[in-house]
1. Please find, within the range 139-185, the residue that is surrounded by the fewest Cβ atoms within 10 Å (Cβ to Cβ) out of those that are within 22 Å of the chain's Cα centre (by Cα) and of a type in the set (Phe, Trp, Tyr).
2. Would you mind stating whether Arg111 is within 18 Å of the chain's Cα centre (by Cα), more than 22 Å from Arg156 (Cβ to Cβ) and at pLDDT 95 or above?
3. Could you check the range 167-196 and list, in sequence order, the residues that are touching an Asp or Glu at 6+ places or on another chain (Cβ under 9 Å), farther than 18 Å from Ile157 by Cα and outside any loop (DSSP other than H, G, I, E, B)?
4. Within the range 102-122, how many residues are surrounded by fewer than 18 Cβ atoms within 10 Å (Cβ to Cβ) and closer than 19 Å to Trp184 by Cβ?
5. Take the residues in the range 69-108 that are of a type in the set (Gly, Ala, Ser) and either modelled with pLDDT under 95 or assigned to a loop (DSSP other than H, G, I, E, B) (or both), then tell me which one is nearest to Asp193 (Cα to Cα).
6. If you go through the range 70-96 one residue at a time, how many are of a type in the set (Gly, Ala, Ser) and under 17 Å from Arg130 (Cβ atoms)?
Amino acid sequence: MRQTSGALLLVLILVSAGSLCAVEAARASSVSPAAFACAMTSYGSRVQDTGGEITKANWQRHPQIKAIRAIVQSVKTGMLRKSLKTKKRAFEYCEPGEDTVRMIATDSRGRARFYQSEGGSEDSSLKLERYYDEAGRLRFVFITAGAVNGSELEHRIYFDATGKRIWEEQTLKKGPGYTWPQIWPEGELQISDAGGKFASKSPCPEVKSRVGKRKPSGE
């Protein structure tokens, strides 16, 4: 019974690691040294591929962060080369928290790959740039903010393919600081229907202007 249980455990490890040697293990009634070595090699490769835990020391070179940056760069390239269709709307400032700028970039299927919103109040400004992968999932948000006391902020948030926030980095670039949150509220980040949000009516008067060239910032 102990041997069978060991073989079953090995199969689970191998399937989790995505190894073809799980087929041989499934046929065995016991765990052979060769099968165990195969399992550990495969499992170790899987752990190495994910890069392990993201930390303050390694986040900039971590494989998961680098993969997200590749997505962001592809969006920027698509906008620059106009393979992504970009639209922009501008509004007068009429009340705190309302958008003064909305920008969206969509692919050939009409799926949002980039959505930007800008706004603020009498004493602060806020811009959020959201980047989506080809499946339409939010993967990165770059936030820049300013305040009348001279403070300037950059805030980066990275998401995995399941929507989990895997890293958040805030940098005060200048000034004494402001009432910006250390952990950004989820409700300000996630937009399930970027196209609908872009097209929605604003309480502030819209400014009709020509879209100029722009270079997205960030990751």
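The values are calculated or read from the model by the stated rules, or taken from the named source; none is laboratory data. Values in this document were obtained by computation on a predicted structure and should not be read as measured data. We place every Cβ from the backbone using ideal geometry, glycine too, and count neighbours over all the protein chains shown.
1. That would be Trp180.
2. Values: within 18 Å of the chain's Cα centre (by Cα): yes; more than 22 Å from Arg156 (Cβ to Cβ): yes; at pLDDT 95 or above: yes.
Against the criterion (within 18 Å of the chain's Cα centre (by Cα), more than 22 Å from Arg156 (Cβ to Cβ) and at pLDDT 95 or above), Arg111 qualifies.
3. If the condition is that a residue be touching an Asp or Glu at 6+ places or on another chain (Cβ under 9 Å), farther than 18 Å from Ile157 by Cα and outside any loop (DSSP other than H, G, I, E, B), then Lys174 is the only one that fits.
4. Let us first name the residues in the range 102-122 that are surrounded by fewer than 18 Cβ atoms within 10 Å (Cβ to Cβ), namely 107-111, 118, 121-122.
Filter once more, keeping what is closer than 19 Å to Trp184 by Cβ: 118, 121.
Counting residues in the range 102-122 that are surrounded by fewer than 18 Cβ atoms within 10 Å (Cβ to Cβ) and closer than 19 Å to Trp184 by Cβ gives 2.
5. Keep residues of the range 69-108 that are of a type in the set (Gly, Ala, Ser), which gives 70, 74, 78, 83, 90, 97, 105, 108.
The next check asks that each one be either modelled with pLDDT under 95 or assigned to a loop (DSSP other than H, G, I, E, B) (or both); those that pass are 83, 97, 108.
Details: Ser83: 21, Gly97: 19, Ser108: 17 Å.
That would be Ser108.
6. Residues that pass the stated criteria total 3.
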